[in-house]
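Here is the structure we will look at, set down as structure tokens.
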Amino acid sequence: MTGPKGLALRAAEAMEAKKAEDVLILDIGSFTPVADYFVIGSAETAVQIRAITEAVEDALDDLGARLLAKEGHARARWVLLDFGSVVVHIFGPDARALYSLERLWADAPILGR
């Protein structure tokens with residue numbers, strides 16, 4: 001299995017392959033023990049959110065990562081996938097604006113790719 005950074009990068013790639021918008025990786029490891037990285041992306045429709053969710057799950061499973069928890073659902077316009085050191089957030093546009101994780105974690109560096 002690859003390390004947390006590799007998992008985060010692979011999750012972002014899987015999201016972008018399914019046309020997720022505004023994908024970014026926040027390096028939150030020095031700010032919280034919750035995770036090392038948040039991977040955040042947006043999608044316009046419930047169908048696209050579901051496709052992105054499945055793509056991320058498959059991609060990280062292929063790397064040996066174990067999905068610890070899955071919260072939300074595409075109809076709610078928000079899905080959270082918890083892989084331990086990496087937490088993936090897939091938002092509809094309204095939900096992304098509402099939760100505003102980029103603002104909440106503004107001090108966290110954005111991982112360059």
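In a residue-by-residue description of region 22-34, the property of being of a type in the set (Val, Ile, Thr), closer than 15 Å to Gly92 by Cα, in contact with a strand residue (DSSP E or B) (Cβ under 6 Å, 6 or more places away or on another chain) and touching a residue at least 40 places away in the same chain (Cβ under 8 Å) applies to no position. Of all residues in region 58-86, those being surrounded by 19 or more Cβ atoms within 10 Å (Cβ to Cβ), under 20 Å from Leu101 (Cβ atoms) and of a type outside the set (Lys, Arg) number 7. Scanning region 1-21 for residues that are exposed (fewer than 14 other Cβ atoms within 10 Å of the Cβ) and not small (Gly, Ala, Ser) returns Met1, Thr2, Lys19.
Suppose the filter is in contact with a Pro (Cβ under 8 Å, 6 or more places away or on another chain) and surrounded by 13 or more Cβ atoms within 10 Å (Cβ to Cβ); does Gly92 pass it? Here the answer is no, as Gly92 does not meet what is asked. Filtering region 35-44 to residues that are over 22 Å from Asp94 (Cβ atoms) and over 10 Å from the mean Cα position of the chain (by Cα) leaves Ala35, Asp36.
Residues that are more than 19 Å from Lys5 (Cα to Cα) and of a type in the set (Gly, Ala, Ser) within region 70-98 comprise Gly72, Ala74, Ala76, Gly92, Ala95, Ala97, listed in sequence order.
Values quoted throughout were computed directly from the atomic coordinates according to the rules given, and no laboratory measurement underlies them. Please read all numbers here as calculations on a predicted model, not as lab measurements. For neighbour counting, all protein chains shown are included, and Cβ atoms are generated from backbone atoms with ideal geometry for every residue, glycine included.
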